[in-house]
1. Take the stretch 6-31 and flag every residue that is at pLDDT 95 or above, open to solvent by 70 Å² or more (accessible area, probe 1.4 Å) and of a type in the set (Val, Ile, Thr).
2. I need the full set of residues from the stretch 32-56 which are open to solvent by 10 Å² or more (accessible area, probe 1.4 Å) and either assigned to a strand (DSSP E or B) or among the β-branched types (Val, Ile, Thr) (or both), in order please.
3. Of the conditions (1) assigned to a helix (DSSP H, G or I); (2) under 20 Å from the mean Cα position of the chain (by Cα), Lys78 clears all except one; give me its number.
4. Answer yes or no as to whether Pro59 is in contact with a strand residue (DSSP E or B) (Cβ under 6 Å, 6 or more places away or on another chain) and either open to solvent by less than 20 Å² (accessible area, probe 1.4 Å) or part of a loop (DSSP other than H, G, I, E, B) (or both).
Amino acid sequence: MAAPSVQEVLPPSLDSTSQPPSLFDGTTRLYISYQCPYAQRVWITRNVKGLQDKINLVPIDLQNRPDWYKEKVYPPNKVPSLEHNNKVIGESLDLVKYIDSNFEGPSLLPVDPEKQKFAEELIAYSDTFVPEIYRSFMRDAQTLAGAQFDYLEKALGKFDDGPFFLGQFSQVDIAYVPFIERFQIFMPAGFNYDITSGRPKLAKWIEEMDKLDGYKQTKVLEPEKLVEYYKNLFLKA
């Protein structure tokens, strides 16, 4: 069960004109972009574990990045990254695991060994699922993406003790939801394709995810801008 969520006022994004925070002063900071699905994974993890008062959000404007972010915080110059215990670490799936293991709040992995094994498989598969969907946008989206969504529908049927991938909410759901959220927004507009059609378990999963406060606070705020962005990226002749 997710921790009670605190509705927070989100800080403005920092750009090239912004001063850096007081780095390495003992404050734990999660550097994100509000638009980035990879950063959203870690933002969700922070929220559902009830860590809003323990991990400060520092949003970065990726279109106009401050130089100090690359120079002083995270040389790869990507988000997400986490400043904790006088070091900075990155990579979204690693950070989901790191926050789950190193901070208080409900565990986001089950104790059942079979579920743990399936969790590892599905989290690893997200690195196939995401690029395969994006590639499908430039080829035969309905067929190629459809096979990927069918894979998730089957995975959601493995455990019947809840609507999530492992029955209960876990790191697996966090790995997939930022991308499924975007694909559900874009594919009807871009390809006249409903990702939940004929996939009742996926539809139920999305419905249950939308009830989680810690996730709802992170969702795409301007779906029409996302559609326009993806159309320009993938559908321009």
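1. Thr17 - this is the single residue of the stretch 6-31 that is at pLDDT 95 or above, open to solvent by 70 Å² or more (accessible area, probe 1.4 Å) and of a type in the set (Val, Ile, Thr).
2. If the condition is that a residue be open to solvent by 10 Å² or more (accessible area, probe 1.4 Å) and either assigned to a strand (DSSP E or B) or among the β-branched types (Val, Ile, Thr) (or both), then Asn56 is the only one that fits.
3. (1)
4. Working: in contact with a strand residue (DSSP E or B) (Cβ under 6 Å, 6 or more places away or on another chain): yes; either open to solvent by less than 20 Å² (accessible area, probe 1.4 Å) or part of a loop (DSSP other than H, G, I, E, B) (or both): yes.
In short, yes.
The values are calculated or read from the model by the stated rules, or taken from the named source; none is laboratory data. Because the structure is a prediction, the values reported are computed rather than measured. Quick reminder, even Gly has a Cβ in these numbers, built from the backbone with ideal geometry, and neighbours come from all protein chains shown. Remember, those area values only see protein heavy atoms, side chains included, never the ligands or the DNA or RNA. Shrake-Rupley method; radii C 1.70, N 1.55, O 1.52, S 1.80 Å.
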